[in-house]
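> After the structure tokens below, expect a handful of questions from me.
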Amino acid sequence: MPTNSDLSNKLHPNAIKGILLFNQKKFFEAHEELEFAWRAEPGPIRDLYRGILQIGVAYYHLSNRNFSGAQKLIGRAMKWLKPYSGFYLGINIGKLKNDAIVILKKITQGDFDHIDSINTDLFNLIEIQLQKEK
């Protein structure tokens, strides 16, 4: 896992905006911000942004009942987030991954197949602790 010191202990401003939009369940808008951060970042943290982005897009797909798309994106996100666990740069990546795995299990078990719309309350927030600039 990349160390915090390797990454200057800072999240890209668009990544922060994207996470805040994710937490408002505005997954399409979150995707746009996180993609900007991902494209702007030359270092290893870009995989973190990509993984968060893909979970948000998976939730967007799931809310539109695109189960196969959501399943594929959660699988890809796990690949990008694999090196990260616990809190990283103020983001609880461990919880985010666990939450996505719970959703993935519900998809694969067919828990959503019988309902007409997906309740977005099932999508937990990303736990983030932003540090104030000194």
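The values are calculated or read from the model by the stated rules, or taken from the named source; none is laboratory data. Just so we're clear, the structure is a prediction, and the values are computed from it rather than from any experiment. No Cβ is skipped: glycine too gets one built from the backbone with ideal geometry, and neighbour counts run over all protein chains shown.
> Being among the basic types (Lys, Arg) and modelled with pLDDT of 95 or more is the filter; apply it to the range 47-74 and report the residue that is surrounded by the fewest Cβ atoms within 10 Å (Cβ to Cβ).
Looking at the filtered set, the residue picked out is Lys72.
> If you don't mind, another one. Would you confirm whether or not the range 34-41 contains a residue that is modelled with pLDDT of 95 or more and touching a Pro at 6+ places or on another chain (Cβ under 9 Å)?
Checking the range 34-41: at least one residue is modelled with pLDDT of 95 or more and touching a Pro at 6+ places or on another chain (Cβ under 9 Å).
> Across the range 75-120, what is the number of residues that are within 14 Å of the chain's Cα centre (by Cα), surrounded by 14 or more Cβ atoms within 10 Å (Cβ to Cβ) and outside any loop (DSSP other than H, G, I, E, B)?
Total meeting the criteria: 18.
> Still on this structure: Could you list, in sequence order, the residues of the range 28-74 that are outside any helix (DSSP H, G or I) and either in contact with an Asp or Glu (Cβ under 6 Å, 6 or more places away or on another chain) or closer than 15 Å to Thr120 by Cα (or both)?
Once the filter is applied, which keeps residues that are outside any helix (DSSP H, G or I) and either in contact with an Asp or Glu (Cβ under 6 Å, 6 or more places away or on another chain) or closer than 15 Å to Thr120 by Cα (or both), the range 28-74 yields Asn64, Arg65, Asn66.
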